[in-house]
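Take a look at the structure below.
The values are calculated or read from the model by the stated rules, or taken from the named source; none is laboratory data. Since we're looking at a predicted model, the values are computed, not measured. Neighbour counts are summed over all protein chains in view; Cβ atoms, including those assigned to glycine, are modelled from backbone coordinates with ideal geometry. Areas reflect the complete protein model, heavy atoms only, side chains present, ligands, DNA and RNA absent. Shrake-Rupley method; radii C 1.70, N 1.55, O 1.52, S 1.80 Å.
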Amino acid sequence: MEKQSIAVSPTSGRSEARNSVFDHVVRAPEDPILGVTVAYNKDPSPVKLNLGVGAYRTEEGKPLVLNVVRKAEQTLVNDSSRVKEYLPIVGLADFNKLSAKLILGADSPAIQENRVATVQSLSGTGSLRVGAEFLARHYHERTIYIPQPTWGNHPKVFGLGGLSVKTYRYYDPATRGLNFQGLLEDLGSAPSGSVVLLHACAHNPTGVDPTPEQWEQIRQLIRSKALLPFFDSAYQGFASGSLDTDALSVRMFVADGGECFVAQSYAKNMGLYGERVGALSIVCSSADVASRVESQLKLVIRPMYSNPPIHGASIVATILKDRTLFQEWTIELKAMADRIISMRHQLFEALRSRGTPGDWSHIIKQIGMFTFTGLNSEQVAFMTKEYHIYMTSDGRISMAGLSSKTVPHLADAIHAAATQVA
Ligand code: PLA
């Protein structure tokens, strides 16, 4: 082996700068969401508050590992028969079956008829990406319509996955509600066959979901135009506190017998963020199609990451297959959802008591982890600079990062921004 020579400067003792083959590489900006945490970590202020990334915190402001997850992990550790072999390319079989059941419903005819191809993937993001690459290879229409606005990673995931990305109107800043007419018009004029990305519940970043009646109209439009629905389900249970209620939109589209994609994440609802555990299910018209689709999903996954990690999926499977653990999970999940809802009320009341100008009722009307405040990027920058409050520049705040203790500080900051910054 050749000896490596490192030039050390006699004066500084540090290695000297050399020409690099990467000299042309320009520094990339931080990610608009995860970069907020990077900035937060650098701030020495004791009152700093991270409301950027959607990660649940307790009333004490600490990350939460669910009790039921601790129990499942203990069971796994105690089981000495468990090994660390590779999982199959599609992941843990039990996990896949149980995940499909969780989102589609235990009595789903699609599951009973074996028409669902499910693969374990790397949380929500990985599942979306695998779905995108499968569509780019095997589907005749390469355009996906995503809501405007949407989670900032969606256009990149689908674009790099090989699809061409267009948007449909979703949010109306004037009403801080759904632009239902715009949505119907845009999907109505999308070319037949186009893929349509739908947030199953708790739309990120707006917190605005269609009503069941609106979902039904969306469903009819999508089916009548032979569009292909692709659900992103990253918050099942986090919106209403009920796993079944939050799956209603997806189940409506499966009940009509048509085909659809669903990407699931256990990051938020089981608090398994860093375990990267999720699933992609493709509901097909027949068992035969589903098995061929699954065979092709393996060809997408194998060169991407070969096969998924075993630990997180084993935790999920342990919880989902045990009646008692499942029951305990639903209680802990509901408690998280309820705490977020109570933060909405506390923040709304705090602004009301300060007489902050403007209508803030959207704070209590919006659903899920986020409030889309309507604050502009100057106001956000002001709140970060003066109050050490970190949030995305579009004015989104993660309600899950808030606690009774920090509500007054946030309310002061919003009040100051609303009164001092145009
Ligand atoms: N889909 C939506 C709509 C999301 O909001 C997120 C996460 C994901 C998918 C992906 O999550 P996963 O890969 O971790 O399962 N959005 C977060 C985090 C919570 C992020 O940006 O990565 C957010 O703060 O928006």
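List of remarks:
- Reference-scaled alpha-carbon Rg (2.2 N^0.38 Å with N residues) for segment 86-321: 0.94
- For Phe370, distant residues with modelled amide H under 5 Å away: Met399
- When the helices of the chain are scored as -39500 (n - 2.57) per DSSP H run of n ≥ 4 and the total is divided over every residue, the value at 222 nm lands at -13500 deg cm²/dmol.
- Taking all pairs of distinct alpha-carbon atoms in the chain, Kirkwood radius in angstrom: 23.1 Å
- Taking packing as the residue-averaged number of other Cβ atoms within 10 angstrom, the listed peptides 414-420, 81-87, 126-132 run from highest to lowest as 126-132, 414-420, 81-87.
- Of the residues Met399, Gly162, Gln112, the one whose Cα sits farthest towards the positive end of the charge dipole of the chain is Gly162 (charges of +1 on Lys and Arg Cβ, -1 on Asp and Glu Cβ, taken about the Cα centre).
- Structure note, pairs Lys42/Lys365; Lys101/Lys225; Lys101/Lys156; Lys298/Lys321: Cα-Cα distances above 31 angstrom occur for Lys42/Lys365.
- Projected label distance in nm at Arg27 and Ser404, using a 7 Å step from Cα toward the beta-carbon: 4.3 nm
- Segment 164-286 - charge dipole about Cα centre, Lys and Arg +1 at Cβ, Asp and Glu -1, debye rounded to 20: 220 debye
- With each label modelled as a point 7 angstrom along the Cα→C-beta vector, the Asn67-Ser353 pair spans 3.1 nm.
- Evaluated with a Cβ-only charge set (Lys, Arg +1; Asp, Glu -1), the chain carries a dipole of roughly 600 debye about its Cα centre, given to the nearest 20.
- Under 12 Å from a label point set 7 Å out along the Cα-to-Cβ vector of Leu299, the amide N atoms of segment 136-154 belong to 137-139.
- Rolling a 1.4 Å probe over the protein heavy atoms gives segment 212-285 an accessible area of 29 Å² per residue.
- Per-residue ³J(HN,Hα) for segment 332-341, Karplus 6.51 cos²θ - 1.76 cosθ + 1.60, θ = phi - 60°, Hz, x for Gly and Pro: 5, 5, 4, 5, 5, 4, 5, 5, 5, 4
- Residue list for segment 215-251, given a label point 7 angstrom along the Cα-to-Cβ vector of Thr143 and an amide N cut-off under 14 Å: 226-228
- Span from the segment 378-418 Cα centroid across to the segment 185-264 one, whole angstrom: 31 Å
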